[in-house]
1. Hey, does the range 137-156 have a residue that's under 22 Å from Val63 (Cα atoms) and outside any helix (DSSP H, G or I)?
2. I'd like the residue in the range 98-138 that is of a type in the set (A, V, I, L, M, F, W, C) and within 12 Å of ligand 2 (Cβ to nearest atom) and, out of all such residues, is farthest from Asn180 (Cα to Cα).
3. Taking the range 161-190, which residues are outside any strand (DSSP E or B), among the aliphatic types (A, V, I, L, M) and within 16 Å of ligand 2 (Cβ to nearest atom)?
4. How many residues, within the range 151-176, are modelled with pLDDT under 95 and not small (Gly, Ala, Ser)?
Amino acid sequence: LTLLEGGLEDEKINREYLLRADRSVDRMISIVEDLDTVTKLESGQLIMERSKFDVIELVKEVVELQELNAQKKDISIRLKLINDKPIFVFADKDRIRQVLANLIVNSVKYGKKGGFTEFSFYDMEENILVEISDNGLGIEQEHLPRLFERFYRVDKSRSRESGGSGLGLAIVKHITEAHNQTINVRSTPGVGSTFSFTLSKSR
Ligand SMILES: Nc1ncnc2c1ncn2[C@@H]1O[C@H](COP(=O)(O)OP(=O)(O)OP(=O)(O)O)[C@@H](O)[C@H]1O
Ligand SMILES: [Mg+2]
């Protein structure tokens, strides 16, 4: 609008508004992609293509992509590792990458300035438990049961500030369930949140 109202003459305004338009288009593309993923997952059209891979390696890869975003909020992302051995799991690598990306993006988006996001891995009989914790805003108990529903977002003011459509966690839950695995959340308002999901071990 500012452009139509005569801003076209001003090079700075042109640039600013083109950048804004570009960001809006990016956001729209990502919402459409998320909707497409949710629809396919819900109608059972997405078949999980499992293979053996090192989940620590994958976490490192996804963390690297989010590092810049995290730095902007002075959030440090760390991995709690007991040793430097790989942890092999049997799952759909691209889909698990999507799960990890959604959880990291959330932990940064709803994290405190100067805070942290931390990954831990627990060896269980058949499975590996992956935990991602933050010391961010946290979530009130009353919201937890509905958190994984599509389009569910915790509060309007928080949501307006941070953008997003409330599809992320729905996708995360669908993907873990398509692997016959589970995802859980614990959270304390003002203290932080922990999301944990399981993956089946590979030998
Ligand atoms: N780590 C977290 N800390 C605090 N609140 C969280 C965290 N992760 C998710 N939430 C809350 O849960 C809601 C749902 O998350 P979800 O990822 O599904 O949607 P979104 O991040 O709002 O949008 P999208 O992921 O589609 O861009 C968020 O709006 C947010 O309020
Ligand atoms: Mg999200």
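1. As a first pass, look at the range 137-156 and keep what is under 22 Å from Val63 (Cα atoms): 137-138.
Filter again for outside any helix (DSSP H, G or I), leaving 137-138.
So far as the range 137-156 goes, yes, one or more of its residues are under 22 Å from Val63 (Cα atoms) and outside any helix (DSSP H, G or I).
2. The initial filter retains those residues of the range 98-138 that are of a type in the set (A, V, I, L, M, F, W, C), namely 99-101, 103-105, 108, 116, 119, 121, 124, 128-130, 132, 137.
Keeping just the survivors that are within 12 Å of ligand 2 (Cβ to nearest atom) gives 99, 101, 103-105, 108.
Details: Val99: 14, Ala101: 20, Leu103: 19, Ile104: 22, Val105: 24, Val108: 27 Å.
The qualifying residue farthest from Asn180 (Cα to Cα) is Val108.
3. We begin by selecting, within the range 161-190, every residue outside any strand (DSSP E or B); these are 161-182, 189-190.
If we keep only those that are among the aliphatic types (A, V, I, L, M) too, we end up with 167, 169-172, 175, 178.
Leu167, Leu169, Ala170, Ile171, Val172, Ile175, listed by residue number.
4. 10
Residues checked against (1) more than 10 Å from ligand 1 (Cβ to nearest atom); (2) touching a Cys at 6+ places or on another chain (Cβ under 7 Å); (3) open to solvent by less than 40 Å² (accessible area, probe 1.4 Å):
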{"residue": "Phe116", "(1), (2), (3)": "yes, no, no"}
{"residue": "Phe119", "(1), (2), (3)": "yes, no, yes"}
{"residue": "Leu144", "(1), (2), (3)": "no, no, yes"}
{"residue": "Asp155", "(1), (2), (3)": "no, no, no"}
{"residue": "Gly164", "(1), (2), (3)": "no, no, no"}
{"residue": "His179", "(1), (2), (3)": "yes, no, yes"}
{"residue": "Thr194", "(1), (2), (3)": "no, no, yes"}
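The values are calculated or read from the model by the stated rules, or taken from the named source; none is laboratory data. What you see is a predicted model; the values in this text were computed from it and never measured. Quick reminder, even Gly has a Cβ in these numbers, built from the backbone with ideal geometry, and neighbours come from all protein chains shown. The accessibility values were calculated without ligands, DNA or RNA, using every heavy atom of the protein model including side chains. Shrake-Rupley method; radii C 1.70, N 1.55, O 1.52, S 1.80 Å.
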